[in-house]
Amino acid sequence: MPRTGEKPGKGTYKCRNCGVEVTLDDDNDTLPPCPSCDGTEWDKVG
Ligand SMILES: [Zn+2]
């Protein structure tokens, strides 16, 4: 699974802990910590 600090590429990622979604719109963007719960594990959803 993608984790905070990785560059998994463009797409939408959903926090495994709380369900918040973030979108990366550039392949060079780094996954942030979850803005809601500070989680670091993500699932790609789109
Ligand atoms: Zn979260």
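No value in this document is a laboratory result; all are computed from the given coordinates. If you're wondering where the values come from, they're calculated on a predicted model, not measured in any experiment. We place every Cβ from the backbone using ideal geometry, glycine too, and count neighbours over all the protein chains shown.
Between residue 27 and residue 44, residue separation times 0.36 nm minus the direct Cα-Cα distance comes to 4.7 nm.
Using Cβ point charges alone (K and R +1, D and E -1), the dipole size of the chain about the Cα centre works out to roughly 160 debye. Relative to the 2.2 N^0.38 Å rule of thumb, the chain has a C-alpha radius of gyration ratio of 0.95.
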